[in-house]
Structure formats: C-alpha cells, structure tokens
Amino acid sequence: MGPSLFLPGHQLQLLEGGQEFFSALVESIDDSLREVRLETYIFSVEGAGQQVACALERAALRGVDVFLVMDGVGTPSLVTHWATRFNDAGVKWRIFSPLGRFGLLLPSRWRRMHRKLCVVDGAVAFCGGINVLDDFYDPNYGTLESPRFDFAVRVTGPLVRTAHDATTQFWTRLQAVNQLRKSGFREGWNVLQEAVRLARLKDQNLDADPQQSVVPRIHAMHAHLVLRDNVHNRARIERSYRQAIGSATQEIIIANAYFVPGRKLRKGLIHAARRGVRVRLLLQGRYEYFMQYHAARPVYGALLEAGVEIYEYSVSFLHAKVAVIDGHWATVGSSNLDPLSLLLAREANVVIDDVAFATELRTRLENAMDHGGQRIDPAVYANRPWHQLFFDRCAFGLMRALLFLSGKRY
C-alpha cells in the first residue's frame with residue numbers, strides 16, 4: 001500500500017466481539033451531542049442488540065439527529081414495535097434495497113450494503129465486521145454455545161471525515177431515490193439538492209466544533225479508510241490486500257469468514273509462500289451457508305501445495321475480516337475475500353500501518369488459531385470423501401455461474 005494514502009494522527013481501539021463493540025458504541029452514542037449515523041447489514045434487537053437500539057432511541061429523544069441504514073437482505077424488516085419506537089423518538093431509518101417480489105432472482109439485487117460504519121458527531125467512527133447482532137445468537141441457527149469471532153475498531157482522527165462523508169452521501173442518495181419513486185424526477189432532484197445543502201451546512205458546524213476528531217498526541221497511528229462501491233471504488237479493498245501481500249517479506253495472517261479469492265489474490269498468496277513468507281489463513285470451519293462453505297474448499301489445493309497453512313475455526317462462527325502483514329500492516333473491516341464482497345457489495349475497511357496495533361491483532365489471531373483452529377492436513381484434504389468433493393465442486397461451479405450472470409470477471 002502506497003505510504004501517501006496513510007494519514008497520521010489517529011487513535012484506534014481494537015474491539016473483539018459484540019460485547020466490547022456494543023459497550024464502546026453505546027458509550028459514544030450516549031455522549032453524542034449533534035448527530036449519529038449508523039450503517040449495518042444486520043440490525044437485530046435480540047439480546048445485546050437491544051442495547052444499541054435503546055441508545056439510538058435515547059439520542060433521538062434528546063434532540064440528536066440519528067440516521068440508521070440497514071440492508072434489505074440482512075434486515076428484511078424492522079421489528080414492528082421498534083419501528084414505532086424509532087418513529088416516535090425521531091430516529092430516521094431506511095432499509096436499503098428491499099428484495100421485493102422477485103427476491104434475489106434479479107442480479108441487480110445482489111448489490112448489497114454490507115459495510116458496518118458508525119460516525120458520531122463527526123468526531124468518532126466505528127468500522128469492522130460486527131453487525132448489530134448478539135454474539136450468542138444467529139438468525140438461522142438460534143442460540144450459540146460460544147460467541148461469534150469478529151472484530152471492529154473505534155477511531156478518532158482524520159479518516160473520520162471520510163467515514164462521515166460516505167455515510168452522509170449514502171443517506172442523501174437513499175432519500176433522493178425514495179422521493180424519486182414517490183413523486184417523480186423533479187421532486188427527487190429538489191430533495192437531493194436540499195439534502196446536499198443541509199449536509200454541507202452540518203459539515204460546517206462539525207468543522208467548527210473544537211472537539212472534532214481531537215486525538216491525543218500519544219502514539220498517534222497512520223491509517224486510512226478504504227471503501228468499496230459500484231461506482232468509483234470498485235477494486236480498492238482488493239487492491240490494498242494485493243499490494244500488501246505483494247510486498248510482504250516475513251509473514252501474512254488473514255482471518256476471513258467467506259474466503260473465495262479471485263485469481264490475482266490467490267496468485268499473490270501462492271507467490272508469497274513460495275518466496276519464503278509464512279502465510280497463515282484462519283477460515284470458517286463451521287457450516288453456515290452452502291455456497292460460501294463449499295465453494296471455498298476447491299481453492300485450498302493450490303494454496304496448500306505452495307506451503308500456505310490453513311486453519312479452520314470451529315469453536316463458533318468465524319465472522320472476522322482482518323489481516324496482519326509483516327508485523328505493521330493491518331486491516332479490520334467488513335469485506336470478505338469473495339466475489340460478493342469484492343465485486344458487488346458496499347464495504348468498508350480501515351487499513352493501519354502501526355506496529356503496536358498489528359501486534360495486538362496478531363496476538364488475538366494466533367490465540368484463535370492455537371485454541372480454536374484446526375490445521376488442514378494436505379493429505380487429508382486431497383483424500384476427502386467423494387460426497388464432500390462433489391458438494392465443493394457444485395458450489396464452486398454455482399458461484400462461477402452466478403458471476404457469469406452478473407457480468408463480472410473474477
């Protein structure tokens with residue numbers, strides 16, 4: 001990653017799991033004075049998720065502008081009594097791209113809002129892979145015996161402005177599209193213009209706030225926010241991974257929930273391993289979704305042959321999307337290394353160049369590999385049962401067919 005992209009002056013706090021994330025997020029929302037903007041794929045009020053819902057409600061009731069965006073696949077609908085509570089409190093909420101009658105049969109509906117971003121008062125941002133979802137609850141599998149394995153970061157510093165601009169622009173677009181459908185082009189355009197004017201005015205107020213993004217001069221870190229969308233930032237997250245992998249000299253550790261990397265990314269990992277870099281992957285070991293689980297396994301062969309170490313995490317669901325390279329480069333975000341994230345979804349990753357942060361994340365990943373990961377034996381993999389091989393090839397073929405239908409090359 002080119003050094004010019006990293007901005008100095010950040011403070012970052014690594015948050016593991018919903019318990020740490022919700023505690024920090026609720027604290028920031030409760031301290032908010034002007035504005036809270038939250039985007040999440042899943043917004044569930046089951047268990048610990050209710051803490052966040054209550055914090056948003058409290059903020060709106062005391063006059064803070066609260067904006068909430070959920071994805072239409074991750075959150076098809078908001079629980080009725082919470083929709084009423086949010087409306088009564090003044091929380092402004094939208095569900096992005098509801099599926100409608102044809103569901104996911106339309107390729108245009110495959111473009112999802114998968115990022116998890118929150119910006120509070122233009123001063124504090126949160127980014128990572130953690131949904132508003134209790135660690136011990138899964139919408140498809142119910143109660144979990146062990147918490148989901150995932151990460152997020154709390155950030156202050158210059159990149160907060162980038163996060164704020166992204167969330168503001170996305171909300172403005174949603175409002176304009178909604179009005180366009182209701183009242184036609186002219187009214188939609190007027191709504192868009194007014195929203196842009198108000199957003200600029202609010203930005204000026206935030207810029208005038210002496211507390212905005214104040215960062216103590218204690219071990220300030222270099223970092224930047226990498227966004228992926230379907231307009232201007234189509235390949236930025238994948239490119240950041242490939243550049244870091246391509247320049248690695250010692251070690252690569254990647255933990256990723258849904259791992260079906262494209263040809264260039266696979267070659268990057270293989271070349272790194274062959275030139276002596278120790279490459280370790282911590283991947284999903286528990287069955288969650290047919291395609292994501294089985295389509296990942298045909299990729300293992302060439303990686304194992306090159307000397308890549310693959311560990312499958314099966315203590316609970318692995319949902320992390322993080323990496324550490326050469327003890328100083330790290331990333332924490334929402335992007336899986338699969339076609340859905342890298343070609344279709346809106347994603348957000350924070351990339352950090354800092355030894356202390358990378359060391360902390362590396363320690364947690366090694367602990368997960370040592371105590372929750374099972375290393376894949378190349379011989380066992382090569383001789384896996386015929387029915388598993390059949391499912392693996394079917395899933396991989398299905399994913400390639402869907403990519404063809406979407407018009408994407410991977």
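Within the stretch 163-188, residues that are modelled with pLDDT under 95 reach partners that are part of a helix (DSSP H, G or I) and charged (D, E, K, R) with beta carbons closer than 7 Å, at six or more positions or on different chains, in the pairs 179/187.
Checking each residue in the stretch 280-305 for being open to solvent by 40 Å² or more (accessible area, probe 1.4 Å) and touching a strand residue (DSSP E or B) at 6+ places or on another chain (Cβ under 7 Å) picks out only 293. Residues that are touching a residue at least 12 places away in the same chain (Cβ under 8 Å), open to solvent by 20 Å² or more (accessible area, probe 1.4 Å) and of a type in the set (Ser, Thr, Tyr) within the stretch 19-43 comprise just one, 41.
Rundown of residues vs (1) open to solvent by less than 60 Å² (accessible area, probe 1.4 Å); (2) farther than 30 Å from residue 11 by Cβ, yes/no style:
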{"site": "331", "(1), (2)": "yes, no"}
{"site": "338", "(1), (2)": "yes, yes"}
{"site": "341", "(1), (2)": "yes, no"}
{"site": "393", "(1), (2)": "no, yes"}
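The single condition from (1) open to solvent by less than 30 Å² (accessible area, probe 1.4 Å); (2) modelled with pLDDT of 95 or more; (3) farther than 27 Å from residue 231 by Cα; (4) not polar (S, T, N, Q) that residue 360 fails is (1). Filtering 308, 350, 277 for residues that are open to solvent by less than 20 Å² (accessible area, probe 1.4 Å), farther than 30 Å from residue 405 by Cα and touching a residue at least 60 places away in the same chain (Cβ under 8 Å) leaves a single hit, 350.
Checking each residue in the stretch 231-270 for being open to solvent by 10 Å² or more (accessible area, probe 1.4 Å), in contact with a helix residue (DSSP H, G or I) (Cβ under 7 Å, 6 or more places away or on another chain) and either of a type in the set (S, T, N, Q) or not in a loop (DSSP other than H, G, I, E, B) (or both) picks out 238, 242, 246, 264, 266, 268, 270. Do we find that residue 366 is farther than 18 Å from residue 296 by Cα, surrounded by fewer than 21 Cβ atoms within 10 Å (Cβ to Cβ) and of a type in the set (D, E, K, R) in this structure? Here the answer is yes, as residue 366 does meet what is asked. Comparison of 347, 288, 305 shows that the only residue that is at pLDDT 95 or above and within 24 Å of residue 398 (Cβ to Cβ) is 347.
The values are calculated or read from the model by the stated rules, or taken from the named source; none is laboratory data. Just so we're clear, the structure is a prediction, and the values are computed from it rather than from any experiment. Note that each Cβ is placed from the backbone with ideal geometry, even for glycine, and that neighbours are counted across all protein chains shown. Protein only, heavy atoms only, side chains kept; ligands, DNA and RNA dropped before computing areas. Shrake-Rupley method; radii C 1.70, N 1.55, O 1.52, S 1.80 Å.
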